[in-house]
Amino acid sequence: MEPDFKEDKFDFGVHILKRRNFFNDRPVKEWVFTEYYSYYVDLLGDTLLKTVISNYKNDIQWLKSMKQLSHPVQIYLGTMFYEINNASLRDIQNSIDNKKDAQMPGVAFNAPIYTVTTIGSNDTKVTFKNNEFSNAPNNMKRHHDGQMDPTNKKQKTTTDENAHPENDDDDKDDQDDEHSDGSVSSINSTMEQEVEWTFWDSCRDILMSAEMDLEINQFSPHKHGVIVCGDKLHQTEENAIDAAVYTLVVNHMNSGNDFSMDRSVTFAEVEEYFTTVFGAEKSNMVDCARYPVPATDPKKRNFIADMTLSIFRDIYDSESNLKHSESMLNSACLYPAIRFACQAVTKGKLLFYPGEERLNAMNMVLGDDTVIYRGDAIVRMRGALKLEVLLLETSNAHGGCTESKKAFDFYKALYGGVAMLKSIANQFKYGDIKLFKRIKVYFLHASKEDVRLWSVQYVSKHIYVVCREDTAKMPYDYNDLPSDITYFIHFFWVLKLRLENTISSIESLITDHENKKKNDLYGTLSTSENLEIIVEPIPIRLTERFHINKVPNHPNSFSQK
């Protein structure tokens, strides 16, 4: 007898993705794939089965984020997802053809019992226990790079490999297409097994589904293996990752942040200096800004003095109208701040290139010298290669950009950042993947009254994270709050610290790459460990003329701040 929860109906409201209206006012027991497939085809016409499967998995993850669903329904949805994720195309197609709604792989009504346990901040362990559990996931452990480890086993299995069609060689290609791990366990097995995976694997499933989803904007980061995240930053509805998993992503990115965001701690020794400057009469503020900064670190002392004097002399006292133009905002406010941050970097390892500068990484990655990406400024490492580690996009004058312009510049910079990361992987392809994962490249995006810092980082197989690291209000006139100005200065000091960390990580990768090449006398370096192959994002060069009204909404439009 079926549990009562399968008779439940829910009203999720009219969804912008029309296919998701399938789940409205329909008993849970009818959320099976064959019913979904019929609804999908009636709605959108004949579609590739793989596309429908990918959208179905994506929609199940979306359903799991709904708070009104009971725990049994959540368990049931988890079962549906894991089974269809591990079913062969042949079995799914046969179920559609034979209309075996209640028996098809991916929709087992006798849901297995499983428990979910969070292990630290990075791992989740799920234990499946069930008799006659069809197409259960293989008993392996997924690591952070998404690969399977067959040594972590705990199972009792009775199977006959020759008895099941999914083991036929004819279906091998289909299975490899459906499952990145290339394996499906035998059906009708008697087993007790334990499966462990990281939250990155959950993200990978969503990203792969988004790539196939025709209803998701073609320029959406999710469609290209990129997760956009940050504190108080909501996801777009069309790209939603399970809320609990998204929280783990944000926490993971924050856990690697070694930089204090507390201005009072970073600038504790110079508090008296700021008090003197802000407490002076307007006519004396510039002179006070020239007072010696009581910082023990000469780099910090010079940086604070340069930043403070620049703001009071070149913006406030000169009455520079930052609302006049983007050029005025850049030249009076942002260019000096970036330049001072670069000058403060240890041993002067960075070079600052302002003004419609060409991003060389985009040409290198796309292999086309005619494709030109121009940023408002680029920061490169010194040396023959001049690796690019930071770019700036300014959307308009202070307070003056439209939402469409803001969104366009953000996604343009995002894919520019992906290109910078990919170019580093290509040039030092024999470096260790663990060293490469430590590297963050950055882009600054100035829009309206704020400047935001975003990082781009490779975190796991096929997954890249763009994280909003920090936000600061840009100075404008004498009416600015002292706390906003000191945080603006702090924002760029921390940027300097971040860039030093990036330089150190890149230098470690270069050293490892060169050592491996030097010791590889017979040219036997494995292509499977080649970063040029492993790190495979395909960046997009966006042009304002063609794409300004085609990109998704800016992620800040879904933000709490």
Along the Cα→Cβ direction, 7 angstrom out, place labels at F546 and K6. What is the inter-label distance in nm? 5.1
Using amide H atoms built in the peptide plane, which far-off residues or other-chain residues are under 5 Å from T394 H to H? D376, A446
At 1.567 mPa s and 4 °C, Stokes D of segment 274-338 from Kirkwood alpha-carbon radius, µm² per second: 104
A 28 angstrom limit on the alpha carbon distance is what I want to check against. Which of K67/K437; K405/K461; K57/K550; K386/K434; K299/K429; K64/K440 exceed it? K67/K437; K405/K461; K299/K429; K64/K440
Counting only protein heavy atoms and a 1.4 Å probe, tell me what percentage of segment 397-452's accessible area is made up of carbon and sulfur. 45
Could you list the chymotrypsin sites (Phe, Trp or Tyr not before Pro) in segment 374-443 that lie in coil according to DSSP, counting only those with at most 12 other Cβ atoms within 10 Å of their Cβ? none
Simple spin-label estimate for I533/E507, 7 Å along Cα→Cβ, in nm, reads 3.1
Each label point is 7 Å from the Cα along the Cα-to-Cβ direction; what then is the distance between the points at D520 and R374, in nm? 3.9
With a 10 Å radius around each residue's Cβ, average the other Cβ atoms per peptide and rank 391-399, 542-550, highest first. 391-399, 542-550
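The values are calculated or read from the model by the stated rules, or taken from the named source; none is laboratory data. Remember, it's a predicted structure, so these values are computed and weren't measured experimentally. Because the Cβ atoms are built from the backbone with ideal geometry, glycine has one as well, and the counts that use them run over all protein chains shown. For accessibility, only protein heavy atoms count, side chains too; no ligands or nucleic acids. Shrake-Rupley method; radii C 1.70, N 1.55, O 1.52, S 1.80 Å.
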